[in-house]
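Remarks on the structure that follows.
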Amino acid sequence: MLREQTKEIRIGGVKIGGSNPVAIQSMTNTKTEDVEATVAQILKLEASGCEIIRCAVPTMEAAEALKEIKKQIHIPLVADIHFDYRLAIAAIENGADKIRINPGNIGSEDRVKAVVDKAKEYGVPIRVGVNSGSLEKHLLEKYGGVTAEGIVESALDKVRMIEGMGYDNLVVSIKSSDVLMCVKAHELIAKECPYPLHVGITESGTVYSGNVKSSVGLGIILHEGIGNTIRVSLTGDPAEEIRTAKLILKTLGLRKGGIEVVSCPTCGRTKIDLIGLANEVEKMVADIPLDIKVAVMGCVVNGPGEAKEADIGIAGGIGEGLLIKKGEIVKKVKEEELLETLRQELLNWKE
């Protein structure tokens, strides 16, 4: 089932599924009980482009903190619950816009039903989450270990359980740290699941390795038309997750807006600090609301030609550089003036 065919679900003020765009999600790494620190991080993530935020709820104090956190943020708040069904109920009562549970970890069906009944009362969607590390023993035995088929069967079993309790306000999440297993699992579940899918490569690693694994896995899954919300799971600052998620969506043509910076890889002809310059340009354009392509080239030999597909660009020489528009040289400026010249052109940009 392609993303446009999935059921539409409302999470606070954000709709996912159906014809709605793929939403970017992240998770706080503060102690949820610390309202001030958690709110500060969420506001920073909002500014970066986060559209849905999830907080861990390991204690009753954390569940109760959600009420105050909600008052100070502007995006939907998801409560992440493990094991204790009472925390899920308290999170809903304290304003969570969605809850994430693995029904297999919650315990008996009576406990799952208590959560479902509370979600139904408040109209709060449930994200049914299954990770490769939480597969039931009988599925491990059936498939001879952790497999894509086992992950999918586990998730669909949980979905059917909740459907049997009269609730279908659901989002489904199946994750694995094995990229190709994760891809296969999403391909399988998309054939059988009418609900929006939250996609991510779990435990993907540090900013470097996690970005590579997430970009490969999410890129394949999203390009196949699967997935309604995404999270790039990184061991690092959650703001990095948002940055990467936005770039993945833009690269796949699923998100527009914002300046795209392209730059050459440098070679022996490079006579300026191109690496430093490209990084400065990337920082500079982050808050400029244009939907254009900017090229940063290392030499005046190939620069103009290689920058033809960009709307505007700069190319460095020896102590000087060129300002280029659509492959045509506009003017020559001193090297130290390149960055500011580009900035002024962007601030005064006219189509």
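The values are calculated or read from the model by the stated rules, or taken from the named source; none is laboratory data. Since the model is a prediction, treat every value here as computed from it, not as a measurement. Here the Cβ positions follow ideal geometry from the backbone for every residue, glycine too, while neighbour counts run over all protein chains shown. These area figures cover heavy atoms from the full protein model, side chains too; ligands, DNA and RNA do not enter into them. Shrake-Rupley method; radii C 1.70, N 1.55, O 1.52, S 1.80 Å.
Among GLY225, GLY150, GLY321, determine the one that fluctuates most according to a GNM of the chain built with springs between C-alpha atoms less than 10 Å apart.
The residue that fluctuates most here is GLY321.
Using only the alpha carbons of the chain, determine the length spanned along each of the three principal axes and report them from longest to shortest in whole angstroms.
74, 45, 32
For the chain, with a Gaussian network of springs between Cα atoms less than 10 Å apart, report the residue from VAL179, VAL199, VAL261 with the top mean-square fluctuation.
With Cα springs under 10 Å in the chain, the top fluctuation among VAL179, VAL199, VAL261 is at VAL261.
In a shell of Cβ-Cβ distance under 14 Å around GLU337, excluding GLU337 itself, what net charge do Lys and Arg (+1) and Asp and Glu (-1) give?
-2
Under 19 Å Cα-Cα from LYS332, which lysines qualify once same-chain neighbours fewer than 8 residues away are excluded?
Here the lysines satisfying the reach criterion relative to LYS332 are LYS271, LYS308.
Can you give the charge dipole size of the stretch 38-151 about its Cα centre, rounded to the nearest 20 debye, using +1 on the beta carbon of Lys and Arg and -1 on the beta carbon of Asp and Glu?
Magnitude of the dipole: close to 120 debye.
Could you work out how far apart the two model spin labels at ILE318 and GLU340 are, taking each label as a point 7 Å from the Cα in the direction of the beta carbon, and quote it in nm?
2.5 nm
Beyond 20 Å, what share of the Cα-Cα pairs of the stretch 90-203 is found? Please give it as a whole percent.
So the pairs more than 20 Å apart make up 39 percent of the total in the stretch 90-203.
Calculated FRET efficiency, GLU68 and LYS120, Cβ-Cβ r, R0 22 Å, to nearest 0.05?
0.30
Comparing GLY236, GLY205, GLY317, which has the greatest mean-square fluctuation in the GNM of the chain with Cα pairs linked when under 10 Å apart?
Judging by the Gaussian network model, the answer is GLY317.
Could you look at the chain and say what percent of its accessible area is carbon and sulfur, using a 1.4 Å probe and all protein chains?
Carbon and sulfur: 51 percent of the exposed surface of the chain.
So what's the back-of-envelope 222 nm ellipticity for the chain, counting only DSSP H runs of four-plus at -39500 (n - 2.57) apiece and dividing by all residues, rounded to 500?
The helix contribution divided over the chain gives -12500 deg cm²/dmol.
Are there GluC sites (Glu not before Pro) in the stretch 1-36 that DSSP puts in a loop and that have at most 15 other Cβ atoms within 10 Å, and which ones?
GLU8
As I understand it, the dipole of the chain uses +1 on the Cβ of Lys and Arg and -1 on the Cβ of Asp and Glu, about the Cα centre. Which of SER132, ASN228, VAL35 lies farthest toward its positive end?
ASN228
Using a probe radius of 1.4 Å on heavy atoms only, what accessible surface per residue do you get for the chain? Whole Å² is fine.
Spelled out: the 1.4 Å probe surface of the chain, per residue, equals 46 Å².
Trypsin sites (Lys or Arg not before Pro) within the stretch 187-290: which are DSSP loop residues with at most 10 other Cβ atoms inside 10 Å?
Loop-located and lightly packed - LYS191, LYS256.
Going through the stretch 79-186, which GluC sites (Glu not before Pro) have at most 16 other Cβ atoms within 10 Å and a DSSP loop state?
Taking the stretch 79-186 and a limit of 16 other Cβ atoms within 10 Å, the loop GluC sites (Glu not before Pro) found are GLU136.
Using alpha-carbon positions, what is the distance between the centroids of the stretch 108-172 and the stretch 28-59, in Å?
Using only Cα atoms, the two centres lie 26 Å from each other.
Counting only DSSP beta bridges with both residues in the chain, what percent are antiparallel, rounded to the nearest 5?
30 percent
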